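Engineer: Okay, handing you the structure first.
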Amino acid sequence: MSSSAWPAWARQVRAVVALEWKKGFAGKRTGWILLLAALPVMLAAGHSLAMWRRGDWIHTVTGDSRTFAGLFQLAYLRFSIYLGCAVVFANLFRGDALDRTLHYYLLAPLRREVLVCAKFLAGLSALVPLFLGSVAASYLSLMAHFGPRFEEFLLEGEGLAHLGWYLVVTALASLGYGALFLVVGQIFANPMLPAAVLLVSESINAFLPPPLQKLSVVYYLKTLVPVKLPETGPLAVLAADLAPMPAWKAVLGVLLFSAALLACAAFRARRLEIRYEE
């Protein structure tokens, strides 16, 4: 592989990313993605407003920190980020096929691997900044009613470190789920059914056998969340309690998982044939 090809590939990646932004992320799906990012912020702001109006001093900053941990794992990891990645990444190739424009990419003097990487980067560049801003806004607004107590927790306590880890997990979730749904969109004509099956699998991850747990994205992400939430309810006894994983292993796990899926997507793209359905 000649190093002289890298500048040309970089120009092609920039061109494809710009085109994807123009025809996809500024189009009809934008409203749904913005809504997915805004819903947790509205929930967090509503909680803070309700506590402020009640003057409820029983709640503590630590307690609301656990509340945000629950909001993050449910509203973000298992809803907004997951569905956002499903909508965006599953349609990167499928959307072009439905619009009968995919052949323009395939007929261009463009390596299929470069096309896959460019489309994937286009999806990441759209979702990651949006959800990073959403998570930060939710975190700050949920505990804003504490006033100076929250400011002290944020600047002098663990608050800022917690926010940093939530942002790291958000970026890794977009990376892992994005790579997953990029492949799903290549394989399935209707990716919504496998997306629903995968969502159930991710939601019951703690109750799966340990080897199966390690094949999911959420297994690694839960390790990195700064505030741990124990499994509760009548099925909690069935949860497999695995040994804690070092943060670097969890990050490496998501990166390797995503890289393997991108390699699979590139492999499939090299054998992709146009077959528009009538």
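The values are calculated or read from the model by the stated rules, or taken from the named source; none is laboratory data. Predicted model only: the values in this text are computed from it and were never measured. Positions of Cβ are backbone-derived with ideal geometry, glycine not excepted, and every protein chain shown enters the neighbour counts.
Engineer: Among the residues of the range 188-197, write down those that are within 18 Å of the chain's Cα centre (by Cα) and at pLDDT below 90.
Structural biologist: P191, M192
Engineer: Give the range 150-168 a look and list any residue that's of a type in the set (A, V, I, L, M), closer than 23 Å to L127 by Cα and without any contact (Cβ under 8 Å) to a residue 24 or more places away in the chain, or say none.
Structural biologist: L160 - this is the single residue of the range 150-168 that is of a type in the set (A, V, I, L, M), closer than 23 Å to L127 by Cα and without any contact (Cβ under 8 Å) to a residue 24 or more places away in the chain.
Engineer: Any residue at all in the range 103-116 that's acidic (D, E) and either surrounded by fewer than 16 Cβ atoms within 10 Å (Cβ to Cβ) or farther than 14 Å from V16 by Cα (or both)?
Structural biologist: No, because not a single residue in the range 103-116 is acidic (D, E) and either surrounded by fewer than 16 Cβ atoms within 10 Å (Cβ to Cβ) or farther than 14 Å from V16 by Cα (or both).
Engineer: Okay, moving on. With respect to L180, is the statement that it is out of contact with any strand residue (DSSP E or B) (no Cβ under 7 Å at 6 or more places or on another chain), in a helix (DSSP H, G or I) and over 25 Å from A44 (Cα atoms) true?
Structural biologist: Yes; evaluated as a whole, the condition is true for this residue.
Engineer: Another question about this same structure. Say we look at the range 1-29 and pick out the residues that are farther than 16 Å from L102 by Cα and aromatic (F, W, Y); which of these is modelled with the highest pLDDT?
Structural biologist: Among those residues, the one meeting the criterion is W9.
Residue by residue, here is whether (1) within 25 Å of the chain's Cα centre (by Cα); (2) touching a residue at least 60 places away in the same chain (Cβ under 8 Å); (3) surrounded by 14 or more Cβ atoms within 10 Å (Cβ to Cβ) holds:
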position: A37; (1), (2), (3): yes, yes, yes
position: R53; (1), (2), (3): no, no, no
position: L124; (1), (2), (3): yes, no, yes
position: L132; (1), (2), (3): yes, no, yes
position: L142; (1), (2), (3): yes, yes, yes
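Engineer: Determine the pairs where a residue that is closer than 19 Å to A173 by Cβ and among the small types (G, A, S), located within the range 202-216, has a partner that is crowded, with 18+ Cβ neighbours inside 10 Å and modelled with pLDDT under 80 with Cβ atoms under 7 Å apart, the partner being 6 or more residues away or on another chain.
Structural biologist: Listed pairs, sorted by first residue: S216/N205.
Engineer: Within the range 56-102, restricting attention to residues that are closer than 30 Å to L272 by Cα and charged (D, E, K, R), which residue is nearest to the chain's Cα centre (by Cα)?
Structural biologist: My answer is R94.
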